[in-house]
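The values are calculated or read from the model by the stated rules, or taken from the named source; none is laboratory data. Everything numeric in this text was worked out from a predicted model, so none of it was measured. Here the Cβ is made from the backbone with ideal geometry for all residues, glycine too, and neighbour counts use every protein chain on show. These accessible areas exclude ligands, DNA and RNA; they are computed on the full protein's heavy atoms, side chains included. Shrake-Rupley method; radii C 1.70, N 1.55, O 1.52, S 1.80 Å.
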Amino acid sequence: MSGASEEHFVLLNDVKIPKLGLGSSYQQGGQNVNAVVFAIKECGYRMLDTAVHYDTEKVVGHALQAVKDIVPRENLFLTTKLWPDDYGYESTMKSFQESCKIMDVKYVDLYLMHWPDVHVESDNKRRTRAETWQALQDLYKQGYCRAIGVSNFLLPHLQEFLQDCSVIPHVNQIEFNPFQNPQELLNYCRKAGIFIEGYSPLGKGQILQREPVVTIARKLGRTPAQVVIRWSIQNGVTTIPKSNKEKRVLENSQVFDFSISDDDMLLLNNLNENLHVTWNPETVVF
């Protein structure tokens, strides 16, 4: 078993968040119970990422039940996300309760607003976002979420959003890899005390044949996937690669027994192309 289960960062509220988690996307090909159970039992993963929009909460719930005698719930870090179809105070509370029911859990470790836009009918989207965040704040204060945050919020989104927060988001989950490395956003979040969690660390495979990733991987005797995952972690960013293939799930976890040199980190840190391989939140204008 890898050292994944022992490696953590610490959020502003002193909650420990694993440096590596298992990501998911849409259920059809996005995640299955066997892969999640394998990740927990055989690879040391202790963080699971899901969302209402992915339709994978049921998969995660079944996996939690399958491993409960081996890894207690309190030793796992569970993230789920609220889709903007359910923004608004009451609908947020209802959606959260439904997510907990589907996964058969009493609390989540991290609850995120999944997208900066509002998809419900609203004559004031800023107010709707603020009401939604108030619901998350109440869930946090009541102990149903150990941490709360946002996902896909860029600098202009946060600059407005933080004006309406009494609890600063603990996490901003964004697309993050060497070719999507938004330094201005990272610096802003770190100054504000918002921890960065990265999804799509492998760029959906599009970056794994790019230089200097391939050369650095060859030099280290590692795979390109392991190099870009390790790069995220060495940059202080939790990362959540996803795969249904046991070989890949294991490979992605084997990143705690090597380091990338300072020189090679510098090379990788200078590759940003603002490459989006998934949703682009730049289309959301406040």
Requested in this report: Over the chain, average the accessible area per residue using a 1.4 Å probe and give it in Å², no decimals.
Outcome: 44
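Probe radius 1.4 Å, ligands and nucleic acids left out: which of TRP279, TRP133, TRP83 has the largest accessible area, and how do the rest follow?
Values: TRP279 70, TRP133 0, TRP83 30 Å².
Most to least solvent-accessible, the answer reads TRP279, TRP83, TRP133.
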**Report entry** Residue-averaged [θ]222 nm for the chain, counting only DSSP H segments that reach four residues, each worth -39500 (n - 2.57)
**Finding:** -11500 deg cm²/dmol
**Report entry** Spin-label model distance (nm) - ASP262 vs ASN32, 7 Å beyond Cα toward Cβ
**Finding:** 4.7
Requested in this report: For Cα extents along the principal axes in Å, several values are listed as (i) 52, 51, 41; (ii) 69, 51, 37; (iii) 55, 44, 35; flag the one computed from this structure.
Outcome: (iii)
Query raised in the report: So if we plug the beta-carbon distance of VAL10 and LEU162 into 1/(1 + (r/R0)^6) with R0 = 25 Å, what FRET efficiency do we get, rounded to 0.05?
Result: 0.75
Report task. Could you tell me what percent of the accessible area of the chain is made up of carbon and sulfur, with a 1.4 Å probe and every protein chain present? Result -> 46
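Looking at the chain only, what percent of DSSP beta bridges run antiparallel? Nearest 5 please.
Values: 4 of 27 bridges.
Here the antiparallel bridges make up roughly 15 percent for the chain.
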Report task. Using a Gaussian network model of the chain whose springs link C-alpha atoms within less than 10 Å, name the residue from GLN183, GLN31, GLN134 with the highest mean-square fluctuation. Result -> GLN183
Query raised in the report: On full extension of the chain, what length is gained from LYS191 through ARG248, given 0.36 nm per residue of separation minus the C-alpha to C-alpha distance?
Result: 17.0 nm
Report task. For the range 69-136 and the range 248-269, compute the distance between their C-alpha centroids and round to whole Å. Result -> 32
Requested in this report: Could you name the lysines whose alpha carbon sits less than 21 Å from that of LYS191, not counting residues in the same chain fewer than 8 places away?
Outcome: LYS16, LYS19
Query raised in the report: Which of the DSSP-defined H helices in the chain satisfy a minimum axial length of 18 Å, computed from C-alpha atoms, and a minimum mean Kyte-Doolittle hydropathy of -1.0?
Result: 89-103
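Return the FRET efficiency for the residue pair GLN142, ARG218: r is the Cβ-Cβ distance, R0 is 45 Å, and the value is rounded to the nearest 0.05.
Given R0 = 45 Å and the Cβ-Cβ separation, E is 0.30.
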Report summary line: If one builds a Gaussian network model of the chain from Cα atoms under 10 Å apart, the most fluctuating residue listed among ILE240, ILE194, ILE102 is ILE102
**Report entry** Environment charge at ALA39 (Cβ cut-off 13 Å; Lys +1, Arg +1, Asp -1, Glu -1)
**Finding:** +2
